[in-house]
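See below for the structure under consideration.
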Amino acid sequence: MMRLFWSPRSPFVRKVLVVVHEVGLDDAIERVPMVILSTQPNDALLALNPLGQIPTLVTEGGEAIYDSVAICHYLDVVRGAGRLHPPAPDARTAALRRQALGDGLSWLLLNWLGERSRRQGEQSAMRIAAVHKKLPHIFRALEAEAAADAESFDVGHAAIVAALGYLDFRFAPDFPWQERYPRLAQWWQGAQQRPSVAATVHYDELATAGSALSRQKGRA
Ligand SMILES: N[C@@H](CCC(=O)N[C@@H](CS)C(=O)NCC(=O)O)C(=O)O
């Protein structure tokens, strides 16, 4: 069995899980739960991945693979048929750019969440303003993607699903994107029909456990 160091709250993990399901490898991967706090790097994870981040995949042979871009490539191209990484150079470049767009949105949202979780007086108004400046640009690009490419699904689409899912999971009332970007909303609704997307919805295992950890800062 491969092992995936995992949390149901991470958008980068979700992208990998969408790929896992698309490639049909769900039964070949054991999920190892990790509570990740950016303020408290985890020693067990650092021993496998010097960045101390999830997702980290460990193969049957004991090789650790990170980050999510490399894991998706490994699962799809090395273990699967490469359907999510189109072989034609131009299409591959477009898929990787789409992946960067989705991952970049996830990264921005994680930073926004980190900033919001600080006490009021410690929050940086400049950092939050920078997030709000970037978001419309990112969403216009996503809206254009949705219009141009309604049917196909590659690793970039998996990254976009993960980022939008994370936005709804953490920020839904603050950024009602579905009203503002109707083509993207339509694409998103269509994507929900994919078994890989339906099977990987976020949840907060800490909130449901009522653990004190859920109130700590720096969580994904
Ligand atoms: N570039 C990485 C980003 C992964 C990442 O930021 N993971 C977060 C959880 S969503 C994490 O492990 N944060 C803990 C840390 O950075 O110390 C990827 O694509 O896998």
In the range 76-91, is there at least one residue being within 16 Å of the ligand (Cβ to nearest atom) and open to solvent by 80 Å² or more (accessible area, probe 1.4 Å)?
no
Meets criteria (part of a helix (DSSP H, G or I), in contact with a Lys or Arg (Cβ under 7 Å, 6 or more places away or on another chain) and either over 19 Å from S10 (Cα atoms) or of a type outside the set (D, E) (or both)) for E115:
no
Scanning the range 178-204 for residues that are aliphatic (A, V, I, L, M) and free of Cβ contacts under 8 Å to residues at least 24 places away in the same chain, the one surrounded by the fewest Cβ atoms within 10 Å (Cβ to Cβ) turns out to be A198
Residue in the range 33-59 that is farthest from L113 (Cα to Cα), counting only those that are open to solvent by less than 30 Å² (accessible area, probe 1.4 Å) and outside any loop (DSSP other than H, G, I, E, B)
V58
Which listed residue is within 16 Å of the ligand (Cβ to nearest atom), closer than 13 Å to G156 by Cβ and in contact (Cβ under 8 Å) with a residue 60 or more places away in the chain, from A100, A95:
A95
Yes or no: V13 part of a helix (DSSP H, G or I) and within 11 Å of the ligand (Cβ to nearest atom)?
yes
Output the residues belonging to the range 60-80 that are in a loop (DSSP other than H, G, I, E, B) and without any contact (Cβ under 8 Å) to a residue 12 or more places away in the chain.
G61, G62, E63
Anything in the range 49-75 that is of a type in the set (A, V, I, L, M, F, W, C) and within 12 Å of the ligand (Cβ to nearest atom)? List them, or say none.
L51, I54, L57, I65, V69, A70, I71, C72
Just the residues that are open to solvent by 40 Å² or more (accessible area, probe 1.4 Å) and touching a Gly at 6+ places or on another chain (Cβ under 9 Å), please, taken from the range 102-124.
S117
Where in the range 137-191 are there helices (runs of 4 or more DSSP H), lying wholly inside it, with at least 3 residues that are farther than 17 Å from W107 by Cα and within 18 Å of the chain's Cα centre (by Cα)?
182-191
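The values are calculated or read from the model by the stated rules, or taken from the named source; none is laboratory data. This is a predicted model, so every value here is computed, not measured. FYI the Cβ positions are ideal-geometry reconstructions off the backbone, even for glycines, and counts take in every protein chain you see. Only protein heavy atoms, including side chains, enter the accessible area calculation; ligands, DNA and RNA are left aside. Shrake-Rupley method; radii C 1.70, N 1.55, O 1.52, S 1.80 Å.
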